[in-house]
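A quick write-up on the structure given underneath.
Derivation of every value follows stated rules applied to the coordinates shown; laboratory data play no part. Source: prediction; values computed, not measured. All Cβ positions, even for glycine, are placed from backbone atoms using ideal geometry, and neighbour counts span all protein chains on display.
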Amino acid sequence: MASFDRRAALRLIAPLLWVAACQGGASCNRDGADQASTAAEQEVSGDMGDGIYEVIPRGPFHLDEDLKVDAREPAPATPKAPTVVLAVLDTVRADHTSLCGYSRKTTAYLEALKERGAVYSCRAYTPGDWSLPTHASYFTGVSVARHGAHYAHDAKDENGERIRSLYVYPLREDVRTLAEEMRDRGYQTVLVSDNGLLGEAGLQRGFSVVATRPRKHDPRADWVPPTLLRVLAEEVDPSKPLFLVLNYLQAHDPWVAPDLSLDWDLLDPQMAPADFKSGFRRFLRAGLKPGDERLLRRQLTDLYDYGVYREDQALQRSLSTLERAGWLRAGFRIGITADHGEMLMEHGMWRHLFVYEGNTRVPFLYWTDGDSPSLPEPFPAIAVHSLLRDGRLPDPMPAVASVAIPNPDAGRRKGPGSMPAVAMWFGDEKLVWIGGTYMRIDLVEDPDELAPKPLGNHPKRSELEALVAAIEAGKDRRGEVDPALVEQLRALGYVE
Ligand SMILES: [Zn+2]
């Protein structure tokens, strides 16, 4: 009885929840915050435990001291096949990259790649709403419904009592990964990831070298370039072709305080990052005065933008290392995108657990010495799989779709981020399914997604319904989850 009533109730309130509250900053009130910030609240309410959300007041950085790597320069590379690279800028939303017109110079290197001939899209959409499902899609070329790597359900006994918590389902065994395919083609397959999750849940399948950053609470894009250097010098045969996956995590919370000695145009040079955590918690409880709330948003934006900037810089250092060592001489295919964006207080949300534009629209670049296809818009970022494997877009092109299957713990609360949601994009139109309700949004008329309309008999309705059915059918997998994986998720703040 309870579950039926709950579903019916969700259908009624879903459009309201989508719109949420707290837009316009100062107008946010207590009710609005409680209703709209659910995804954030699920992460920060209750037991704050081990301080996952602490901003790390670190800096100034001394890169050479802090990340000293005892590696010699790699031997000159002499591969006989193109080098293939997937570089994921974790948590980077398109509209906060200067590549896509953002006023701050966050991604000078992406702009430089554009000048060097990379094709790009500022309307690419991620297949999932957080790291695991999206990376699994990039690695396999199939949708979240097919690869099955996403949040799981609790295991319950016949009386409905929870007997074990299963937080995620790993990648299905019967789906081949790009690393496995490239390995079979004679490539050496290397993963260097600031996001430790990429070494878990089946995402590591097919890699001969896995270097992930296990330390908790400290995303550091600067870890990647020296680690790559060491791997190239010590683990890689310079004569064999190379498939490489890189992940940079610094735009992901907990954010690192900017180094004030760098040339970085802070909005608020007086910002006090150490206060951020308490400030945000007060925001969630709507206890902030309007002026404080604006300051908090500015601080959040400062920290986030700085993370994007550092990821861009670390990408530059990494690709420069490859180029300098000769890895691009025999040709190259390099795909650069993000696995999701980040909510920066729109709809009262932060972090990333839903299908709003801020969370799903990411930059996408493809840089090659071979043929560069023109990228349609909107663009399905999952197409990076075919571009890297085959050097061309998939045929037919996959749907531009994004899926959010929430953490089961979120079911205790209501609102965006607590219900499964599916979005599809057709031109400027976005079709959404959330909590049993179908809606559409015209992104030209309503770019902030504040006024969804009923979907009605839309000509694309059946496509959305088919995807919803596939998600619904595939989401209820049962299985064991590696405890080490749960630890990784805890470190990233996805489980309590
Ligand atoms: Zn991620």
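Quick notes on this structure:
- Which of 323, 200 has the fewest Cβ neighbours within 10 Å, and the rest in rising order: 323, 200
- Note on residue 298/residue 72: beta-carbon distance plugged into 1/(1 + (r/R0)^6) with R0 of 45 Å gives a FRET efficiency of 0.55.
- Subtracting the Cα-Cα distance of residue 472 and residue 119 from their residue separation scaled by 0.36 nm leaves 123.5 nm.
- Contact order relative to length of the range 293-370, as percent, for alpha carbon pairs under 8 angstrom and 6 or more apart: 30
- Packing here is the average count of other Cβ atoms within 10 Å per residue, and on that basis the peptides 125-134, 326-335, highest first, run 125-134, 326-335.
- Residue ranges 106-113, 231-238, 358-365 sort as 358-365, 106-113, 231-238 when ordered by packing (mean number of other C-beta atoms within 10 Å per residue, highest first).
- Peptides 76-87, 140-151 ranked from most to least packed give 140-151, 76-87, packing being the mean of other C-beta atoms within 10 angstrom over each peptide's residues.
- For residue 158 and residue 395, the difference between the fully extended length at 0.36 nm per residue and the C-alpha to C-alpha distance is 80.7 nm.
- The label-point distance for residue 451 and residue 103, in a model that sets each label 7 Å from Cα toward Cβ, rounds to 2.6 nm.
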